[in-house]
Amino acid sequence: MSNATDSSGKINYTFAFAVVTTLFFMWGFITVLVDALIPRLRDVFELTYFQAGLVQFAFFTAYAVFSIPGGGIIARIGYKKGVILGLITMGIGCLLFFPAAEFRVFIIFLLALFILAGGITILQVAANPYVAALGPSSSASSRLNLSQAFNSLGTTIAPLVSAAFILSSTVLSSANVSTLTELEQQAYYAQEASAVQGPFLILAVVLFLLAAGFALFKMPRILDGDDRKHGDYKIAIKERHLMFGALGIFVYVGAEVSIGSYLVNYMLNLNFEELVAGSVAMQQIAEVLSTVFSDAKLSEMTAPQLAGTFVFFYWGGAMVGRFIGSALLQKINPGHLLALYAAVNITLIAISMGTGGLFAIWSLLLIGLFNSIMFPTIFTLAIRKLGDHTAQGSGILCTAIVGGAFIPPLFGLLGDTYSLQFALILPALCYAYIGWYGKVGSRVIPISAD
């Protein structure tokens, strides 16, 4: 095996880092693109908010199923083959969207999402430690933050792409469809199928090409797969700060996904289209976004498409906040900053629940800015001083991402029973726990003899 070296004879990992970072972008993009399916599927299949929440349940359950086994597979086949396996699995999941949309079978959609998320899980388990290993340990955190910034770039662009392609046409109710002629119904169903099929077929092709390219690239062989075992799950789970951190990851992902998934419906319930029509500034913002990312003019945009475009600020805030937070973390204790950001998010939720109109909408969109540092900060606080058990700790934390499967349906159930505005109390409780973890729960009190 040969790796590129610089003039001093040291291995140059720049190319490898750039290639792996594209993967962070892809899974961020795809994860948020799934959010756009919720308002679409809810109309097409006439789902309740709770049933629509099953979309995220199918997606995030894969983290519970694949995280720990995925780590075992990667230990045997190595990081590079693990990445290739993850990309191929994601591509297969994207391909399944074609028959799901063609035959309008909701169960196939859920299966496609589960397989897609399984591939993303394997990819995350492989890519995160791979990036950390591409260079000296002293700069591992810097490399991961940069890769995660590109992940945030993917989550920022995805709502605009979904607004342009997935949310761009009006969905008819069953009653309205029944009034159409047979030929008109067939044309309508074909149009609905293509709105979902096109983007995901393109993604499947891109993922397969990435897998082929990654197989051909001469990447550094950080792990070639061996049977040696390092650390012990039985010891790792006894570490108090790790397990509290796992719960922190669980509630954080649940809160982030709940808000992101129902933002479009939340804004529509607050008559977002009328609010934009009554504000010159909002119209100008919408015009800019639609001009840059869509062929539709403001007057031609559907209400869901218009609302979906503004979700850009939720995920874009997370990207901007990651850069700001990276600088702040060099001067402020991570646990204290985490607690502060959690308190700000609780305040923003209280504003959204207690007001209406644009105040309620913009306060919720701003939460993305303060979500930015939460996942990586909880993650790094939770694996501190685990020593040989760090890999096991990482597996436990990745499994906790399954919070995105359980909390959004509960959020939807509260929305069905009361209102989406009232349902915000659930993510507020999640942020309260995160604040406690930053101040108290993250303190390291070693139990193991290591």
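The values are calculated or read from the model by the stated rules, or taken from the named source; none is laboratory data. Bear in mind that the values here come from a model prediction, so they are computed numbers and not experimental data. Every residue, glycine as well, gets a Cβ built from its backbone with ideal geometry; the counts of neighbours run over all protein chains shown.
Set side by side, the residues 306, 289, 329, 338 differ, and just one is assigned by TED's automatic domain parsing to the domain that holds residue 270, surrounded by 15 or more Cβ atoms within 10 Å (Cβ to Cβ), over 30 Å from residue 411 (Cα atoms) and among the hydrophobic types (A, V, I, L, M, F, W, C), which is 329.
Scanning segment 89-109 for residues that are surrounded by fewer than 18 Cβ atoms within 10 Å (Cβ to Cβ) and in a helix (DSSP H, G or I) gives 92, 99, 102, 103, 106, 107, 108. Could you say which residue among 149, 112 is at pLDDT 85 or above and of a type outside the set (Asp, Glu)? Sole residue among the options that is at pLDDT 85 or above and of a type outside the set (Asp, Glu): 112.
Being farther than 22 Å from residue 234 by Cα and not acidic (Asp, Glu): is that true of residue 382 here? Break it down stepwise before answering.
Working: farther than 22 Å from residue 234 by Cα: no; not acidic (Asp, Glu): yes.
Spelling it out, it is not the case that residue 382 is farther than 22 Å from residue 234 by Cα and not acidic (Asp, Glu).
Restricting attention to segment 41-56 and to residues that are part of a loop (DSSP other than H, G, I, E, B) and under 20 Å from residue 197 (Cβ atoms), the residue that is modelled with the lowest pLDDT turns out to be 45.
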